[in-house]
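For reference, the structure discussed in these notes is given below.
Every number here is computed from the coordinates shown, using simple stated rules; none is lab data. Because the structure is predicted, anything quoted here is derived from the model rather than measured. Cβ coordinates were reconstructed from backbone atoms using ideal geometry, including for glycine residues, and neighbour counts include every protein chain displayed.
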Amino acid sequence: MDRREFALTVISPAAFTAVLFLLWELVCKVFAVPLTILPAPSDVFAALWQYRAPIVDNAWVTLWTTVAGFLIATVFGLALGIAIGWHRAIYAGIYPVLVGFNSIPKVAVVPVLILWFGIGEVPAVLTAFLISFFPIAVNVATGLATTEPELEDVLRALGASKLDIMKKVGIPRSLPYFFGSLKVAITLAFVGAVVSETVGANKGLGKLMLDAQASFQVPIVFAGLLVLAVLGILLYAATAIIETRFTGWAFRGGANR
Amino acid sequence: MAVGSTALSALVKLDRVSMAYGRGATAVRAIEEVSLEIAHGEFIAVVGPSGCGKSSLMKLISGLHPPLAGALTVEGRPVRGPVKSVGMAFQNSNLLPWRSALDNVLLPLEIVRPYRDEFRSNRKQYAQKAEELLGSVGLAGFAKKFPWELSGGMQQRASICRALIHEPEILMLDEPFGALDAFTREELWCTLRDLQAARKVTVMLVTHDLREAVFLADTVYVMSNRPGRIVKRCAVDIARPRDLDVTYTQPFQDIVHELRALIGGRH
Ligand SMILES: Nc1ncnc2c1ncn2[C@@H]1O[C@H](COP(=O)(O)OP(=O)(O)O)[C@@H](O)[C@H]1O
Ligand SMILES: [Mg+2]
């Protein structure tokens, strides 16, 4: 990373964030906003430090439920995407059902999951999974569908089976779509886990914030939000790094028809 | 005349073959009662207006699409599915961007029997063969390059190598030089001419460039508008080896003009 790039990718966002916090602090102090409406960043950071033990404890639960749900979604989404992209009949059969399922707000499913699995981490993992497999499946299927018909002809003329074409062309071709969808999926999984925790759980950041809100400890609520934001960025960055590592050719070869 | 096609046996034989896309009332007739013969080692070109069924004819002969009527044989056997003794290349090089030029050329060997079964153990030997082939089209030293590091003409050369690596009987080229600039195109004509002369492979070239067809082919077939019929078979009586200069001679121009008149359209 040269200096210019460093300034652009590290210094610039850090400076922008600092300015944002300063403005926020300033607004709270100048207008004397009550702590129960909008705590200033200094109050939030103080709460963050004071309650660091329960926050870390709960953040850990949110993190692992998110990642667990996301991993299940990755495996399932990949398999489903390949199935959908494999054959027009499978596509025609599954796709409408999938769209219908995806349009159900997942908050509405959480009570059912709690009914089945009880209060605990399982509903959070499942909600994270249910909300995040869809973009993976759709992206993989799209990637498979973009195989050039002419290339397929070249391979079919050589006696290639459907499986050969998938292995040699379809799946490698859909990998950039797959890895690209992971960024979206991890964000969704995170949302799913937290939503599930706010509906009913005994642990997790969502639950912590819900309890804090009930007892008017607003700085803790905001501290929770802050941790959520940081975790969200970290999860996103992790998948983005995986993406560029595995599909460098798609970025460099972007100009290649 | 360099090639006496009557002396050679027919590799491909079409006897009043028709073909359509779809079935019933909505079927699109692409080819109507086409009869032609391609001899072993012959270089034929098929020309005709856009949409007349040239690509369909290729699909038909390679066994990718079944005929509706008529008899189609390759090496004396009726075609009932993909004919493995075919190598294909198109206007778009269709190289896989995640593979180097070498690995792209090796792709058919990972698929065609018997090569695929021995691919792992013979990889070194295959790679050497691919490198030699790349060298023969002027891509020596580019084997490790990825497609985006190659110019359009180079990609097309690599694509032709991919079509030839498994030593097919017939090389089928569908407007392979259509997207290239005039100079690169003429360079590739010469590359293809030399490849064919050296390997004695049978070539079916689909093009809408009449000069290209006459320069490269032993026989040029002219197709009519859809549904495609063959309206003219024209043997090109120009001695081989042909130099690019031949394209400026009167006999060459005469043939081009004659073909041009047959295709019609705007003048
Ligand atoms: N897969 C297909 N389904 C239906 N019609 C097709 C298909 N491919 C080609 N056609 C039709 O068949 C005709 C011949 O097409 P094609 O062989 O591609 O022509 P050319 O290669 O000479 O331009 C065209 O009218 C085209 O619209
Ligand atoms: Mg065509």
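Length gained on full extension, A:Glu148 to A:Ala240, computed as 0.36 nm times the residue gap minus the Cα-Cα distance: 30.4 nm.
Note on A:Trp64 and A:Ile37: their simple-model spin labels are 4.1 nm apart, each label 7 Å out from Cα toward Cβ. Relative to the longest principal axis of the Cα atoms of chain A, the long axis of helix A:12-30 makes an angle of roughly 30 degrees. In this structure, B:His208 and B:Ala69 have a Cβ-Cβ separation that, at R0 = 25 Å, corresponds to a calculated FRET efficiency of about 0.40.
The alpha carbon radius of gyration of chain A, expressed as a multiple of 2.2 N^0.38 Å, is 1.24.
Overall shape: oblate for chain B, with the ratio a/c of the largest to smallest alpha carbon gyration tensor axis at 1.5 or above and b/c at least equal to a/b. Put a plus charge on the Cβ of each Lys and Arg, a minus charge on the Cβ of each Asp and Glu, and nothing anywhere else: the dipole of chain A about its Cα centre is then about 400 debye.
Arranged from fewest to most other beta-carbon atoms within 10 Å of their beta carbon, B:Asp254, A:Asp43 become B:Asp254, A:Asp43.
Normalised by 2.2 N^0.38 Å, where N is the number of residues, the alpha-carbon radius of gyration of segment B:1-156 equals 1.25. When you restrict to C-alpha pairs under 8 Å that are six or more residues apart and normalise by the size of chain B, the relative contact order lands at 26 percent. Placing a label point 7 Å from the Cα of A:Leu115 along the Cα-to-Cβ direction, the residues of segment A:185-225 whose backbone N falls under 16 Å of that point are A:200. For segment B:79-155, the share of alpha carbon pairs falling in successive 10 Å distance bins from zero is 17, 48, 30, 6, 0 percent.
Using 12 Å as the cut-off for backbone N distance, which residues of segment A:39-77 belong to the label zone defined by a point 7 Å from the Cα of A:Ser215 along Cα→Cβ? The answer is A:51, A:54, whose backbone nitrogens lie closer than 12 Å to the label point. Taking the number of Cβ atoms within 10 Å of each Cβ as an exposure proxy, the fewest-first ranking of B:Arg211, B:Arg80, A:Arg173 is B:Arg80, B:Arg211, A:Arg173. Fewest-first ordering of A:Ser103, B:Ser35, B:Ser18 by other beta carbons within 10 Å of each residue's beta carbon gives A:Ser103, B:Ser35, B:Ser18. The angle separating the long axis of helix A:88-102 from the principal Cα axis of greatest extent in chain A is about 10 degrees. Note on B:Asp245 and A:Ala7: their simple-model spin labels are 6.1 nm apart, each label 7 Å out from Cα toward Cβ.
Helix A:171-199: angle to the longest alpha-carbon principal axis of chain A, degrees 0 to 90, nearest 10? For A:171-199 against chain A, the angle is about 30 degrees. At q = 0.09, 0.10 Å⁻¹, what is the base-10 log of I(q)/I(0) for the protein assembly as shown according to the Debye formula with one equal point scatterer per Cα and no solvent? Please give it to two decimals. Relative scattering, expressed as log10 I(q)/I(0), comes to -0.79, -0.88.
Taking 0.36 nm per residue of separation and subtracting the Cα-Cα distance, full extension of the segment from A:Ala46 to A:Val30 would add 3.8 nm.
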